[in-house]
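> Before I ask anything, here is the structure I am working with.
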Amino acid sequence: MATIKAVRVHTFGGPEVLSLDEVPMPQPRDDEVTLKVYAASVNPVDYKIREGTSGEDLPVTLGRDVSGVVELCGTRAHTLKKGDPLFAMLGPDRGGNAEYVVVKATEAAAKPESLSHVEAAAVPLAGITAWQGLFDHGGLEPGQRVLIHGGAGGVGHLAIQLAKATDAFVATTVSAEDFDFVHRLGADQIVDHKKQRFEDVVEEVDVVFDLVAGDTQDRSWTVLKPGGRLVSTLSEPSPEQARRHQAHGISYIAQPNAAQLADIGRLIDAGKVKPFVQATYPLEEVAKAEERLEKEHARGKIVLRIAA
Ligand SMILES: NC(=O)c1ccc[n+]([C@@H]2O[C@H](COP(=O)([O-])OP(=O)(O)OC[C@H]3O[C@@H](n4cnc5c(N)ncnc54)[C@H](OP(=O)(O)O)[C@@H]3O)[C@@H](O)[C@H]2O)c1
């Protein structure tokens, strides 16, 4: 039986538990395809799964987003053929830190032509999280105002660009060393979260997009307009505070969405959104990549080169 390399976790723990295993070549069913993975990006969810905070069954293969080309087609995958370039946010039941992975039709879109596979792999999970947070849950509309906490990270740097592409006013909180970075992405107001209290300088917004949680989330109610929305990727905003401020608190888990990924891809090819890849590592150095993301909080994204 043909085998491939995949990064798996057999016991929860630090980067040392990551194991580069030989596993069977994954086979597509129905409208699925098997993708030859050229690149896969690293997300905080990877080290959270590895550390055991999300309670997955073991062993688990890490990696939620990939860019690559179709290798095998399922019997009903009529619109795709070998060699087609795709990028995808995978469901939690598979991992893309591998040489090949099965991708469902509901997860993948054509890779943006203007991006390399390394750049494309940086987009799916972070881009879809930003899209669903801003638009599906935040209801952000042209001309409205949004405050994005953590604007220099994987989700934040795409959220700034998606909000600007919608003609929203964007305020964001970042560290001082990321000022120029988020300014170039189009942020209208930039607050150094270590030196300034954002609630003292940001005027009322329609949406707070919270990628940080804790005290940052608690202090966000006072910058919301009545009827505004505090949307968090991390923790459930207090219903009591929401009532007190006549606002809405929402937390959510991003879900794969092929149509939204295709829309993001079109914005990328139109030059309105561009992922930033701070560093790349070979698959064999996945432990270093995860450690860097967890300890240093990368600017933009960190990507694993697999066949790229
Ligand atoms: N619910 C979901 O479906 C979902 C999906 C994606 C991500 N997430 C979660 O959302 C969070 C963000 O994800 P990500 O991929 O963007 O992570 P990331 O790439 O690690 O970025 C986090 C950013 O937040 C910044 N930051 C930390 N403390 C801050 C503060 N007090 N104020 C402003 N910025 C601060 C960090 O930079 P500095 O520390 O240098 O300032 C970093 O740039 C993670 O915890 C992740 O697990 C959830």
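> Can you tell me what the convex hull of the Cα atoms of the chain projects to on average, as an area in nm²?
15.4
> I would also like to ask the following. Using +1 on the beta carbon of Lys and Arg, -1 on that of Asp and Glu, and nothing else charged, what's the dipole of the chain about the Cα centre, debye to 20?
Details: 33 positive and 44 negative charges, 88 e Å.
The calculated dipole for the chain is roughly 420 debye.
> Please compute the length gained on full extension between Asp57 and Ser235, using 0.36 nm multiplied by the number of residues separating them and subtracting their Cα-Cα distance. Show your work: numbers first, answer last.
Numbers: separation 178, 0.36 × 178 = 64.08 nm, distance 2.27 nm.
Extra length available between Asp57 and Ser235 comes to 61.8 nm.
> Next question. Rank the residues Lys104, Lys82 as a footprinting-exposure proxy: fewest other Cβ atoms within 10 Å of their Cβ go first.
Taking fewest neighbouring Cβ atoms as first place, the list is Lys82, Lys104.
> Scan segment 221-289 for trypsin sites (Lys or Arg not before Pro) in coil per DSSP, keeping those whose Cβ has at most 15 other Cβ atoms within 10 Å, and list them by number.
Lys272
> Can you tell me what the convex hull of the Cα atoms of segment 126-251 projects to on average, as an area in nm²? If you can, show how the numbers build up before the last one.
On the way: hull surface 25.7 nm².
Here the figure is 6.4 nm², rounded to one decimal.
> So which GluC sites (Glu not before Pro) in segment 154-212 end up in coil per DSSP with only 12 or fewer other C-beta atoms within 10 Å? List each step's numbers first, then the result.
On the way: sites: Glu177, Glu199, Glu203, Glu204; in loops: Glu203, Glu204.
Of the GluC sites (Glu not before Pro), the ones in loops of segment 154-212 whose Cβ has at most 12 other Cβ atoms within 10 Å are Glu203, Glu204.
> OK, next. Can you sort Leu80, Leu211, Leu90 so the residue with the fewest Cβ neighbours within 10 Å comes first?
Ascending number of Cβ neighbours within 10 Å: Leu80, Leu90, Leu211.
> Label points 7 Å out from Cα along the Cβ direction at Ser114 and Ala165: separation in nm?
Placing both labels 7 Å along Cα→Cβ, they lie 0.9 nm apart.
> Please list, in chain and number order, the residues 5+ apart from Phe169 or on another chain whose amide H is under 5 Å from its amide H, with Hs placed from the backbone.
Gly143, Gln144, Arg145, Val146
> A further question follows. Using just the helices of the chain, give the 222 nm mean residue ellipticity in deg cm²/dmol: DSSP H runs with n ≥ 4 each add -39,500 (n - 2.57), and the total is spread over all residues, rounded to 500.
Details: 10 runs with 77 residues, N = 308.
Rounded to the nearest 500, the figure is -6500 deg cm²/dmol.
Every number here is computed from the coordinates shown, using simple stated rules; none is lab data. Since the structure is predicted, the reported quantities are computational estimates derived from the model, not experimental observations. With ideal geometry, Cβ positions are generated from the backbone for all residues, glycine too; neighbour counts draw on all protein chains shown.
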